[in-house]
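Read-outs throughout are calculated quantities, based only on the coordinates presented, and are distinct from any laboratory measurement. Everything numeric here is computed off the predicted structure, so don't read it as measured data. Cβ coordinates were reconstructed from backbone atoms using ideal geometry, including for glycine residues, and neighbour counts include every protein chain displayed.
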């Protein structure tokens, strides 16, 4: 079992490294493609996706679900939803620190510098995507705990990531790195809070 776990970790790390490297390579190509295929109706829809895909909406949904399962005395699901909220918070805090440490201009900001220097304006908060990091961490825990339900919810962070690129708020690498960060936070929190539960055993 341990050998299988190490093997899966190595495969996961390799996939993450390749995805991150490829995302930086295709940053400009994807940005140009998005800008060349703008549609007013789609853009308005993507703005709403970005608006409701941020952490406050995820927090509200998580708290409502947490309250419902707590009233039903479901200890297992209470731990799952609590872990989802904590993982999202961890991803949000980590992403915010990275934004401050490595300020990157958003695609919509016209500058010749690839990195913005020590600036605190939201225009230089491109890397990583806070929306994607929070959403991936949130649903990542669900993917670990309840694989089928988690897979069914995966289109949500994917759509959020696409919306952030479509409206010019983030590069492809911002989205991919945020997804990797979010899933790592989900794995860490799930391993600490859901270890030994039937949810985790069935999730893997």
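Compared with the dominant Cα axis of the chain, that is its longest principal axis, helix 155-166 is turned about 10°. Model label points for residue 102 and residue 20, set 7 angstrom from Cα along the Cα-to-Cβ axis, are 0.7 nm apart.
Working from label points 7 Å from Cα in the Cα-to-Cβ sense, the residue 11 to residue 61 distance is 2.8 nm.
By how many degrees, between 0 and 90 and to the nearest 10, does the Cα long axis of helix 172-193 differ from the longest principal axis of the chain? Tilt relative to the chain: about 20 degrees.
Exposure proxy ranking for 138, 24, based on other Cβ atoms within 10 angstrom of each Cβ and starting from the fewest, stands as 24, 138.
Enter the angle in degrees (range 0 to 90, nearest 10) between the Cα long axis of helix 75-101 and the first principal axis of the Cα atoms of the chain, meaning the one along which they spread out most. Between the helix axis and the principal axis of the chain, the angle is about 30 degrees. Under the criterion of Cα pairs below 8 Å and six or more residues apart, the relative contact order for the chain equals 28 percent. When peptides 128-135, 30-37 are ranked by their average number of other Cβ atoms within 10 Å per residue, the highest-first order is 128-135, 30-37.
Once you have a ≥ b ≥ c as the square roots of the Cα gyration tensor eigenvalues for region 1-109, tell me rounded if a/c is under 1.5, and otherwise prolate or oblate according to whether a/b is larger than b/c. Here region 1-109 falls in the oblate category.
Here 79, 71 are placed in order of increasing Cβ neighbour count within 10 Å, fewest first, which gives 71, 79.
Neighbour counting of Cβ atoms within 10 Å sorts the residues 174, 28, 54, fewest neighbours leading, into 28, 54, 174.
Using just its DSSP H runs of length 4 or more, each adding -39500 (n - 2.57), the chain gives a mean residue ellipticity at 222 nm of -25000 deg cm²/dmol after division by all residues.
Here the spin labels are modelled as points 7 Å beyond Cα on the Cα-Cβ line, and at residue 149 and residue 33 they lie 3.4 nm apart. Under conditions of 20 °C and 1.002 mPa s, region 2-203 yields 122 µm² s⁻¹ as its translational diffusion coefficient, taking Rh as the Kirkwood radius over Cα pairs in the Stokes-Einstein equation.
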